[in-house]
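The values are calculated or read from the model by the stated rules, or taken from the named source; none is laboratory data. Just so it is clear, the model here is predicted, and its values are computed rather than measured. As a convention, Cβ positions derive from the backbone with ideal geometry for all residues, glycine included, and neighbour counts pool all protein chains shown.
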Amino acid sequence: MSEKRSDNRPPDFDEFTRQIIEQYNEIAQLAGALAHEIKNPLSVIRMNIDLLAEDFATEEAPDRRRTLRKIEIVQRQCERLQNLLDDFLKFARLRSLQLTAGSLNEQANRVLEMFAPQAARQGVDIVRYFDADLPSILLDEQTLGSALMNLVKNALESMPDGGRLEIFTRTTRTGVALDLIDTGCGMEESTILHAFEAFYTTKDGGSGLGLPTARKVIEAHGGQINVQSTVGRGTQFTIEFPTPPRLAPGAESAVV
């Protein structure tokens, strides 16, 4: 007789998550080593450029001002490299998830509250349509929260002159789903096709790792993410998660 699962999760849940972790394990190790090799010389470059900027800041000669402008360009590029490196590390690292029974409604609401001041400044109305009877799912609050933050941030960036952000949660045949719908600028079809590819971006100074990182986190939870968009009308992201049929007493958490 086969051993019964104590947490009643779907049979393929642990196996799927294990494969995701193994898939990225090697690149995570390489990324960590590469990051340290890059960050040290980059820090030295930035420090010395800042010192040069201080030396030239008090000079008024035209040639000194030209030199200062060139230094400022190098400073901006160093900052961009630092941000790119940080985003790459977030993408490459996939720590063990501490999955606990939790509410997707509460998780989404916490993220929305964080962005409420920014939305108010931009004139964006946030409208919640949460299913009050939504079943619990197994989630890691920190990583899933980061993924949702990235999606909300992108939605607000697409509506700099105001708009509407709607959030729906609902029950599906196999679990729960969250729809994030904005009335922003939308995306071209070619952008949609590459939206989840690492380093692909249409933003000036963007790393192109925000959406790929969000997708990887969601997949590590056994979920999936899809996007639909129309230029000039807005974008909809849909995230779906499986729900265990029933959480057995004493089995409310698991490390995967």
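Of the set (1) under 17 Å from A101 (Cβ atoms); (2) at pLDDT below 90, all apply to F241 but (2).
Whether any residue in segment 99-122 is out of contact with any His (no Cβ under 7 Å at 6 or more places or on another chain), under 26 Å from P242 (Cβ atoms), in contact (Cβ under 8 Å) with a residue 40 or more places away in the chain and among the hydroxyl-bearing types (S, T, Y) is what I want to check. Yes, that holds for at least one residue. Taking segment 109-195 and the strands (runs of 3 or more DSSP E) fully enclosed by it, the elements with 1 or more residues that are modelled with pLDDT of 95 or more and farther than 25 Å from E219 by Cα are at 124-129, 163-171. When T213 is tested against the conditions (1) within 14 Å of L148 (Cβ to Cβ); (2) modelled with pLDDT of 85 or more, the lone failure is (2).
Got a sec? Which of L148, L138, L165 is out of contact with any helix residue (DSSP H, G or I) (no Cβ under 6 Å at 6 or more places or on another chain), touching a residue at least 24 places away in the same chain (Cβ under 8 Å) and in the same structural domain as F196 (by TED's automatic domain parsing)? Unique residue meeting the criteria: L138.
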